[in-house]
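Engineer: Sharing a structure here in structure tokens format.
The values are calculated or read from the model by the stated rules, or taken from the named source; none is laboratory data. Please read all numbers here as calculations on a predicted model, not as lab measurements. Neighbour counts are summed over all protein chains in view; Cβ atoms, including those assigned to glycine, are modelled from backbone coordinates with ideal geometry. Surface accessibility is based on the protein's heavy atoms, side chains included, excluding ligands, DNA and RNA. Shrake-Rupley method; radii C 1.70, N 1.55, O 1.52, S 1.80 Å.
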Amino acid sequence: MTVPSSLVFDGVSVAYDTPDGPITALGNVSLTINKGEFVAVVGPSGCGKTTLLKLAAGLLQPTTGRVTLDGQPIGAPGPERGVIFQEYGIFPWLTVEQNIGFGLELSANRVSEAERAEIVERYLDLMGLRDFRKAFPKALSGGMKQRVALARAYAVRPRVLLMDEPFGALDAQTRLAMQDLLLQVLEREGTTGLLITHAVEEALYLASRVVVISARPGRIKAVIDVPFPFPRTHHHLANEEFARLKGELTELVMEEYAAQSRLSLASQS
Amino acid sequence: MSTAPPIDGEAPLRLRRSQPMSPYAKARLANWGLRLLPWLTIVAVWYAIRGFGLVSPGLLPLPQDIAATAWARLLDGELPRHILASTGRVLAGVAIGTAIAIPVGFALGRYATARLTLDPLINFFRALPPIALVPLVIVYLGIGEAAKVFVLSFSAFFAAVIVLYEGIAQMPPIYGHVARTLGANQSEIFRKLVLPYALPHILTALRVALGVTWATLVAAELVAAQAGLGAMIQMAASFFQLDVIYVGIIMIGLTALSMDHALRRLSRRLLSWQERVPS
Ligand SMILES: Nc1ncnc2c1ncn2[C@@H]1O[C@H](COP(=O)(O)OP(=O)(O)OP(=O)(O)O)[C@@H](O)[C@H]1O
Ligand SMILES: [Mg+2]
């Protein structure tokens with residue numbers, strides 16, 4: 001088992017420089033994700049979810065405020081924080097198995113040749129990619145690429161998982177399987193996590209808290225505690241309380257979608 | 001490409017005639033036809049020009065005369081000597097030019113500072129036709145082999161560097177992000193990301209450099225060369241041997257074409273991961 005970590009956003013705002021002046025993507029966000037906790041973030045498109053994730057990954061520095069991991073400011077990316085990017089980023093010049101093993105070959109995650117082979121084999125099975133192990137990404141469907149990206153991130157066993165719509169390209173059945181696999185990984189490794197998703201149901205199923213972000217500039221609009229105990233199973237999805245929370249959360253998200261479309265209409269006129 | 005075995009008792013000849021060609025073989029045949037068509041057209045037009053007397057015979061040797069000259073020069077060793085001399089210079093020029101272009105192209109593609117300082121310089125020299133350098137090169141390097149290889153390396157370098165620079169600068173940042181979040185350090189990013197990503201651009205740079213260098217060859221061989229296809233053309237011109245000039249031109253084309261073909265095959269082998277329109 002790896003050592004879990006706590007991730008803290010403290011009064012964070014981000015303004016991007018653009019030719020038309022600065023764009024405030026996040027405005028004063030404070031959020032603490034405790035060790036071993038898994039938090040989901042929902043909000044309308046363009047509200048700054050990916051920006052939040054990039055801060056935690058160390059790919060972006062906040063304009064104001066601090067982001068810390070176990071009290072240490074986050075300066076650069078590192079293998080203890082695994083990221084699954086919205087656009088997968090699988091390497092087209094490597095085969096499926098080479099992509100999965102990519103992180104394990106880096107000096108930062110020194111694992112033995114035998115251990116690497118074993119991990120790659122395991123994920124080829126878990127992800128249902130065994131028949132495609134020698135295939136190049138050009139021959140994969142969107143959902144298969146997404147599974148390669150998941151396997152590649154899980155393989156190095158990060159203490160923190162940062163996931164940007166990790167199941168968006170999957171069909172409904174694969175999606176359920178991948179969600180359960182994630183729950184297993186989280187439970188086994190005690191991983192701390194941040195999940196960005198458009199699916200309210202997915203957020204409630206996987207996370208212990210769901211954060212709703214407002215339309216740009218993104219602020220925390222609401223935080224909902226999800227009362228179901230872990231380990232979770234699909235029975236929770238049929239639960240009455242689950243349905244009520246789903247309704248409440250959908251309402252909150254829809255308000256922000258509405259606010260966002262008003263915003264963009266206003267900026268057009 | 002399996003075809004049905006001949007059925008007992010039937011005449012093989014009849015069988016072959018009645019059996020339709022596989023679509024694959026048909027497509028191949030059609031491809032070859034399409035490839036040959038323009039060449040055959042050129043030869044036909046050539047004969048037509050002579051046949052209709054559009055040009056006086058002294059100014060346009062017949063294809064078979066050119067072929068005969070080529071054959072004779074092949075046998076007496078003259079043609080191979082010239083081809084070898086030119087090919088050697090082109091290869092040396094391309095090798096030296098791209099060897100320098102690769103690190104420079106990488107630096108320009110990856111680092112904004114390098115771009116800022118070197119970009120105007122590169123564009124200035126790139127705008128110069130290599131031929132314009134020939135008189136100066138003669139002054140500084142004389143008329144030996146070094147002068148010719150210098151001019152060829154110059155043209156190869158500037159052709160290659162721009163392809164590499166543009167190609168590497170377009171590497172999507174997501175690959176770097178993924179690698180860094182998995183723990184890659186700078187040297188691993190270079191070896192495992194930038195190099196494989198750049199390989200197609202290196203191969204394209206080589207192809208472009210080869211093309212440009214062949215184009216510069218004749219100019220380089222004007223620098224008082226004793227051997228080389230450019231020199232052969234040059235000497236033939238002063239004796240008004242039109243057939244030899246044609247042999248020289250055709251040989252330059254053929255040699256350049258076969259080098260390009262070899263590079264393309266190599267690219268296909270190395271870059272099977274790339275998405276391409278099937279050719
Ligand atoms: N590099 C950048 N330069 C300028 N503006 C940016 C940049 N990255 C993001 N933005 C802007 O910041 C805002 C938030 O972007 P972000 O990618 O975080 O949104 P998101 O919530 O992830 O959206 P989606 O759900 O569509 O992925 C958007 O308005 C976007 O246009
Ligand atoms: Mg996003």
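Engineer: Only one residue in A:84, A:74 is within 16 Å of the chain's Cα centre (by Cα) and within 16 Å of residue A:159 (Cα to Cα). Which one?
Structural biologist: The match here is A:84.
Engineer: Which residue is surrounded by the most Cβ atoms within 10 Å (Cβ to Cβ), if the candidates are limited to the range A:69-94 and must be assigned to a strand (DSSP E or B) and more than 8 Å from chain B (Cβ to nearest Cβ)?
Structural biologist: A:84
Engineer: May I ask you to list pairs of residues, at least six apart or on different chains, whose Cβ atoms are under 7 Å apart, with the first in the range B:233-253 being in contact (Cβ under 8 Å) with a residue 24 or more places away in the chain and the second being among the small types (Gly, Ala, Ser)?
Structural biologist: What qualifies is B:244/B:236; B:247/B:70; B:248/B:236.
Engineer: Go through the range A:46-71 residue by residue and tally those that are among the hydroxyl-bearing types (Ser, Thr, Tyr) and more than 15 Å from the chain's Cα centre (by Cα).
Structural biologist: Looking only at that region, the number is 3.
Engineer: Now for a separate question. Out of the range A:148-203, which residues are assigned to a helix (DSSP H, G or I) and open to solvent by 40 Å² or more (accessible area, probe 1.4 Å)?
Structural biologist: A:172, A:173, A:175, A:176, A:177, A:180, A:184, A:187, A:188, A:201
Engineer: Output the number of residues of the range A:133-144 satisfying the condition of being more than 12 Å from chain B (Cβ to nearest Cβ) and part of a loop (DSSP other than H, G, I, E, B).
Structural biologist: Within the range A:133-144, residues that are more than 12 Å from chain B (Cβ to nearest Cβ) and part of a loop (DSSP other than H, G, I, E, B) number 2.
Engineer: Within the group A:130, A:175, A:147, which residue is away from every other protein chain (no Cβ under 14 Å) and in contact with a helix residue (DSSP H, G or I) (Cβ under 6 Å, 6 or more places away or on another chain)?
Structural biologist: Only one candidate qualifies: A:130.
Engineer: Let me ask something else. Give me the pairs: first residue in the range A:39-58 and without any contact (Cβ under 8 Å) to a residue 24 or more places away in the chain and in a loop (DSSP other than H, G, I, E, B), second residue polar (S, T, N, Q) and more than 8 Å from ligand 2 (Cβ to nearest atom), beta-carbon distance under 9 Å, and six or more apart or on different chains, which are they?
Structural biologist: A:58/B:181
Engineer: Restricting to the range A:32-47, give me the number of residues that are within 15 Å of ligand 1 (Cβ to nearest atom) and either open to solvent by less than 20 Å² (accessible area, probe 1.4 Å) or on the phi > 0 side of the Ramachandran plot (or both). Explain how you work it out, then say what you get.
Structural biologist: As a first pass, look at the range A:32-47 and keep what is within 15 Å of ligand 1 (Cβ to nearest atom): A:40-47.
Going one step further and asking which of them are either open to solvent by less than 20 Å² (accessible area, probe 1.4 Å) or on the phi > 0 side of the Ramachandran plot (or both), we end up with A:40-44, A:46-47.
Residues that pass the stated criteria total 7.
Engineer: Considering only the range A:58-68, I want to know if a residue exists there that is more than 16 Å from ligand 2 (Cβ to nearest atom), closer than 30 Å to residue A:229 by Cα and open to solvent by less than 60 Å² (accessible area, probe 1.4 Å).
Structural biologist: Yes, the conditions are met somewhere in the range A:58-68.
Engineer: May I pose another question? State whether the residues of the range B:72-80 include one that is in contact (Cβ under 8 Å) with a residue 12 or more places away in the chain, over 28 Å from residue B:143 (Cβ atoms) and assigned to a helix (DSSP H, G or I).
Structural biologist: The answer is no, given that none of the residues of the range B:72-80 is in contact (Cβ under 8 Å) with a residue 12 or more places away in the chain, over 28 Å from residue B:143 (Cβ atoms) and assigned to a helix (DSSP H, G or I).
Engineer: Which one of these is within 17 Å of residue B:189 (Cβ to Cβ), in contact with a Gly (Cβ under 8 Å, 6 or more places away or on another chain) and within 16 Å of ligand 1 (Cβ to nearest atom): A:89, A:58, A:65?
Structural biologist: Of A:89, A:58, A:65, the one residue that is within 17 Å of residue B:189 (Cβ to Cβ), in contact with a Gly (Cβ under 8 Å, 6 or more places away or on another chain) and within 16 Å of ligand 1 (Cβ to nearest atom) is A:58.
Engineer: Restricting to the range A:100-115, what's the tally of residues that are within 13 Å of chain B (Cβ to nearest Cβ) and open to solvent by 60 Å² or more (accessible area, probe 1.4 Å)?
Structural biologist: 2
Engineer: Name, by its number, the condition in (1) in a helix (DSSP H, G or I); (2) under 30 Å from residue A:160 (Cβ atoms); (3) not hydroxyl-bearing (Ser, Thr, Tyr) that does not hold for residue B:158.
Structural biologist: Residue B:158 satisfies all of (1) in a helix (DSSP H, G or I); (2) under 30 Å from residue A:160 (Cβ atoms); (3) not hydroxyl-bearing (Ser, Thr, Tyr) except (2).
Engineer: Follow-up. Give the range B:166-190 a look and list any residue that's assigned to a helix (DSSP H, G or I) and either in contact (Cβ under 8 Å) with a residue 24 or more places away in the chain or more than 7 Å from every other protein chain (Cβ to nearest Cβ) (or both), or say none. Quick ask: steps written out before the conclusion?
Structural biologist: Taking the range B:166-190 and keeping what is assigned to a helix (DSSP H, G or I), we get B:166-169, B:173-181, B:186-190.
Of everything in the range B:166-190, those that are assigned to a helix (DSSP H, G or I) and either in contact (Cβ under 8 Å) with a residue 24 or more places away in the chain or more than 7 Å from every other protein chain (Cβ to nearest Cβ) (or both) turn out to be B:166, B:167, B:168, B:169, B:173, B:176, B:179, B:186, B:187, B:189, B:190.
Engineer: Here is a follow-up. List the number of the failed condition for residue A:262; all other conditions in (1) surrounded by fewer than 14 Cβ atoms within 10 Å (Cβ to Cβ); (2) part of a loop (DSSP other than H, G, I, E, B) hold.
Structural biologist: Result: residue A:262 passes all but (2).
Engineer: Checking the conditions here, which among A:50, A:24 is within 14 Å of chain B (Cβ to nearest Cβ), open to solvent by 10 Å² or more (accessible area, probe 1.4 Å) and within 16 Å of ligand 1 (Cβ to nearest atom)?
Structural biologist: After ruling out the rest, the residue left standing is A:50.
Engineer: Also: Among the candidates A:97, A:118, single out the residue that is open to solvent by less than 50 Å² (accessible area, probe 1.4 Å), more than 10 Å from chain B (Cβ to nearest Cβ) and either touching a Pro at 6+ places or on another chain (Cβ under 6 Å) or away from ligand 1 (no atom under 16 Å from the Cβ) (or both). First the steps, then the outcome.
Structural biologist: Numbers: A:118 fails: open to solvent by less than 50 Å² (accessible area, probe 1.4 Å).
Checking each option against the conditions leaves just A:97.
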